[in-house]
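Here's the structure, in structure tokens; my notes come after.
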Ligand code: NAD
């Protein structure tokens, strides 16, 4: 049993923290939104009034925040690294810019603190079920220290390379996911406009060569999959603005290496239009609304 501080209890961090409590760990949690803390404290975690209070005496610190600026502000701007025990391990699970991950890891290392970037894949369903994929960057020895804890929240753990490499792999994955969700939406809308039932078409694609994560687990059309955000008015899940952030990170990575990512850029523009239309807080599968707009 480890003494763990968990910071950021949103759609992903909330259920991840619950799995650690269920796994017998001693958890102290913190989020800026008090209501987000309730499920964790009801399950037996201790609430901390600040991130500094949460990390006091922690052997492991886990963070699950929205974006690079939140992570840099927490660890560097607010100086949280100064409050973390030098013997502790920091596991940063947010999806952020590889350069931000490297910057914070270097500052941690300067204090003798081991840190890995460990962004996740698998969505809120995977976070609840404890079946996430962790894509880790950093020292192999630090990953081995964190592995028993990651195993309580996920079932696949990959070591992508040095600090920041987990983020690079995650950004590539999410660029593809953004493209696939938009493409799946486009195909379903085309079928429906031509008289097909979206559930029948989804069944056909799920067993044919166009199948993908969206048709198997996360269908964007309302009513096709009762457990998917599409059937819950796109509440919870993975926000459109978070997908837009990830496609922006992919664009930055492409610019810095002069890589061509025409489909990733097109997808980024589609999600930007969708967010601009006021849908930024809805799950990203609501991109299907762009295609359902009345002609
Ligand atoms: P979210 O917006 O639901 O949760 C983020 C939480 O962080 C919020 O509860 C917020 O109050 C809290 N927070 C922000 N700043 C804080 C601070 N300084 N101290 C304490 N708490 C703070 O986001 P999410 O969907 O849980 O995603 C978190 C990260 O995981 C993002 O980087 C996202 O891209 C990534 N991700 C999300 C999914 C998904 O399906 N939702 C899947 C994979 C990866």
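The values are calculated or read from the model by the stated rules, or taken from the named source; none is laboratory data. This one's a predicted model, so the numbers in the text were calculated from it and none came from an experiment. Don't worry about glycine lacking a Cβ; one is built from the backbone with ideal geometry, like all the others, and counts go over all protein chains shown.
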Among the residues of segment 1-17, write down those that are buried (at least 24 other Cβ atoms within 10 Å of the Cβ) and more than 9 Å from the ligand (Cβ to nearest atom). 4, 5, 6, 17
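Matching residues to (1) more than 17 Å from residue 12 (Cβ to Cβ); (2) within 14 Å of the ligand (Cβ to nearest atom); (3) surrounded by 14 or more Cβ atoms within 10 Å (Cβ to Cβ):
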position: 153; (1), (2), (3): no, yes, yes
position: 158; (1), (2), (3): yes, no, yes
position: 162; (1), (2), (3): yes, no, yes
position: 165; (1), (2), (3): yes, no, yes
position: 172; (1), (2), (3): yes, yes, yes
position: 175; (1), (2), (3): yes, yes, yes
position: 181; (1), (2), (3): yes, yes, yes
position: 186; (1), (2), (3): yes, no, yes
position: 195; (1), (2), (3): yes, no, no
Do you know which residues across segment 1-24 are assigned to a loop (DSSP other than H, G, I, E, B) and under 18 Å from the mean Cα position of the chain (by Cα)? 8, 9, 10, 11, 12
In segment 217-235, is there at least one residue being under 19 Å from residue 127 (Cα atoms), assigned to a helix (DSSP H, G or I), without any contact (Cβ under 8 Å) to a residue 12 or more places away in the chain and in contact with a strand residue (DSSP E or B) (Cβ under 9 Å, 6 or more places away or on another chain)? yes
Elements of type helices (runs of 4 or more DSSP H) contained in segment 46-163, each with 3 or more residues being within 25 Å of residue 217 (Cα to Cα): 123-129
Residue 119: passes all of (1) under 18 Å from the mean Cα position of the chain (by Cα); (2) crowded, with 24+ Cβ neighbours inside 10 Å; (3) under 18 Å from residue 79 (Cα atoms) but (3)
State whether the residues of segment 25-37 include one that is in contact (Cβ under 8 Å) with a residue 40 or more places away in the chain and either closer than 14 Å to residue 61 by Cβ or within 17 Å of the chain's Cα centre (by Cα) (or both). yes
Those residues of segment 25-45 that are over 19 Å from residue 235 (Cα atoms) and part of a loop (DSSP other than H, G, I, E, B) come to a total of 6
Go through 256, 202 for me and flag whichever is within 21 Å of residue 68 (Cβ to Cβ) and not in a loop (DSSP other than H, G, I, E, B). 256
Across segment 18-39, the tally of residues that are within 11 Å of the ligand (Cβ to nearest atom) and closer than 16 Å to residue 128 by Cα stands at 2
Those residues of segment 138-151 that are in contact (Cβ under 8 Å) with a residue 12 or more places away in the chain, surrounded by fewer than 19 Cβ atoms within 10 Å (Cβ to Cβ) and in contact with a strand residue (DSSP E or B) (Cβ under 7 Å, 6 or more places away or on another chain) come to a total of 3
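Let's see how each residue does on (1) more than 10 Å from the ligand (Cβ to nearest atom); (2) farther than 17 Å from residue 138 by Cβ; (3) modelled with pLDDT of 95 or more; (4) assigned by TED's automatic domain parsing to the domain that holds residue 48:
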position	(1), (2), (3), (4)
65	no, yes, yes, yes
74	no, yes, yes, yes
82	yes, yes, yes, yes
103	yes, no, yes, yes
